[in-house]
1. What are the residue pairs meeting all of these: first residue in region 80-105, first residue on the phi > 0 side of the Ramachandran plot, second residue at pLDDT below 95, Cβ atoms under 6 Å, and 6 or more apart or on different chains?
2. What number of residues within region 153-180 are without any contact (Cβ under 8 Å) to a residue 12 or more places away in the chain and crowded, with 19+ Cβ neighbours inside 10 Å?
3. Filter region 36-80 down to the residues that are over 27 Å from residue 217 (Cβ atoms) and modelled with pLDDT under 95, then identify the one that is surrounded by the most Cβ atoms within 10 Å (Cβ to Cβ).
4. Given the criterion out of contact with any strand residue (DSSP E or B) (no Cβ under 7 Å at 6 or more places or on another chain), in the same structural domain as residue 148 (by TED's automatic domain parsing) and part of a helix (DSSP H, G or I), identify the matching residue among 74, 99.
5. Pairs, please: C-beta under 7 Å, at least 6 apart or cross-chain, first residue in the same structural domain as residue 187 (by TED's automatic domain parsing) and in region 13-33, second at pLDDT below 90 and loosely packed, with under 14 Cβ neighbours inside 10 Å?
6. Is it the case, given these coordinates, that residue 102 is over 30 Å from residue 197 (Cα atoms) and buried (at least 20 other Cβ atoms within 10 Å of the Cβ)?
7. Modelled with pLDDT of 95 or more and within 20 Å of the chain's Cα centre (by Cα): which single residue out of 121, 140, 146, 106 fits that description?
8. In region 34-55, which residues are at negative phi and not in a loop (DSSP other than H, G, I, E, B)?
């Protein structure tokens, strides 16, 4: 496993002086709560929503995630988000990107989002599978994918068959999540992430994976 969140999790564990055990449950399982001790923290680029806040705590905002539109490198019809009307658009199941293409995304504290498209055929699924399908060719199984910038860039590099088109769709804060009911643990999480920000670790990892510093100063 490799990526920004994996490196952040390793740095978090090292700062605490504990052994890291990575787990990859389904997204729907994570956001539904009731973790029952199977894991202690989600460092997984989660978007905070009112629905998720019913069962999870968000002790730390750690970076802003730009959302982008990815197409096959030979795609000629789709040049920006306004061109996805009537097209098959892949998104991660249960993600904020699924809410976006369904015109139902609300980012707390941000202005209402403008949706310059209509009648999109939303194709939720596993993000890895979605990108593999998109790499088969323009319109073979998907016409485009809405995802975060880091995921898009990683798949562009892996397949050499994809490209990002248009400008950033929106940006949203990503949070570290814990299960509700342990304020002491939440304070430890917040303190540890503040230390990772102040000592430059988060900035270094952000530049490594994104080419720029998009990290935040917690709350």
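1. Listed pairs, sorted by first residue: 94/27; 94/28.
2. 0
3. Result: 38.
4. Numbers: 74 fails: part of a helix (DSSP H, G or I).
On inspection, the qualifying residue turns out to be 99.
5. Close Cβ pairs satisfying both conditions: 22/1.
6. It is false that residue 102 is over 30 Å from residue 197 (Cα atoms) and buried (at least 20 other Cβ atoms within 10 Å of the Cβ).
7. Step by step, each of 121, 140, 146, 106 is checked, and only 146 is modelled with pLDDT of 95 or more and within 20 Å of the chain's Cα centre (by Cα).
8. 42, 43, 44, 46, 52, 53, 54
The values are calculated or read from the model by the stated rules, or taken from the named source; none is laboratory data. Because the structure is predicted, anything quoted here is derived from the model rather than measured. Glycine also receives a Cβ, built like all others from the backbone with ideal geometry; neighbour counts cover every protein chain displayed.
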